[in-house]
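**Q** Supplied in structure tokens, the structure appears directly below.
The values are calculated or read from the model by the stated rules, or taken from the named source; none is laboratory data. In this text the structure is predicted, and so the values were computed from the model without any measurement. Here Cβ is always computed from backbone atoms with ideal geometry, including for glycine, and neighbour counts include all displayed protein chains. With ligands, DNA and RNA removed, areas are computed over all heavy atoms of the protein, side chains included. Shrake-Rupley method; radii C 1.70, N 1.55, O 1.52, S 1.80 Å.
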Amino acid sequence: MDFPKLPHGTNVLGVGIDQIEVSRIRESLDRHGDAFLGKVFTAQEQEVCMKRTDPAPCLAARFAAKEAIAKALGTGIGMEFGWLDLEVLRQENGKPIASFSAHGLNTLAGQGASSALLSLSHLNEVASAVAVLIK
């Protein structure tokens, strides 16, 4: 299947969305603890989320962001783009920031993109993320 040609001058190269039940993250955290955290989240992401009374919604939103970016890239999570290739940080005003590892930046550049915009949301039971790849 051929994807539509992007209009000349456009800077949006991909869009991804993901949702996850917070309970799935809570169960993985309870069952696998540090092994789960270290596989999916950077040290800084863990530090931010584990300070919360209930870290699961914070972790779930970041999990969804990583999935949304992988979908926007068209790679999914795997060898080409892994869990730790994206770190979801926050500006002082709370705006989420997509910070890529060197490998993640190479994957991003391979798609012609230079960065990504993120929007995160979570309720008690569901976390969501939308990602837009831009150049």
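**Q** Could you provide, to the nearest whole Å², the per residue accessible area of the chain with probe 1.4 Å?
**A** In whole numbers, the chain has 58 Å² accessible per residue.
**Q** In nm, to one decimal, how far is the modelled label at Gln44 from the one at Arg24, with both set 7 Å along Cα→Cβ?
**A** Going from the Gln44 label point to the Arg24 one covers 2.6 nm.
**Q** For the chain, what log10 I(q)/I(0) values come out of the Debye formula at q = 0.10 1/Å, with one point per alpha carbon and no solvent?
**A** For the requested q values the scattering log ratios are -0.32.
**Q** Stretched out fully, how many nm does the piece from Gln111 to Arg90 gain, at 0.36 nm a residue minus the Cα gap?
**A** 5.1 nm
**Q** Given contacts defined as C-alpha pairs under 8 Å and at least six residues apart, what's the relative contact order of the chain, whole-number percent?
**A** The normalised contact order for the chain reaches 35 percent.
**Q** At a 1.4 Å probe, what is the % contribution of carbon and sulfur to the accessible area of the chain?
**A** After summing per-atom areas, the C and S share lands at 52 percent.
**Q** Looking at the chain, do any whole DSSP H helices span at least 15 angstrom along their long axis by alpha carbon and average 0.0 or above on Kyte-Doolittle, and which?
**A** Values: long enough: 22-40 (19 Å, -0.44); 56-73 (25 Å, 0.80).
Helices meeting the span and hydropathy rule in the chain are 56-73.
**Q** For the stretch 1-133, what number of Lys pairs, 8 or more residues apart or on separate chains, have alpha-carbon atoms under 25 Å from each other?
**A** 9
**Q** For a quick check: with amide H placed at 1.01 Å from N, whose amide H comes under 5 Å from Val126's, ignoring anything fewer than 5 positions away on the same chain?
**A** Under 5 Å from the amide H of Val126 lie the amide H atoms of Val22, each far enough along the sequence or on another chain.
**Q** Another one. Within the stretch 10-60, list the trypsin sites (Lys or Arg not before Pro) lying in a DSSP loop whose Cβ has at most 10 other Cβ atoms in a 10 Å radius.
**A** Lys51
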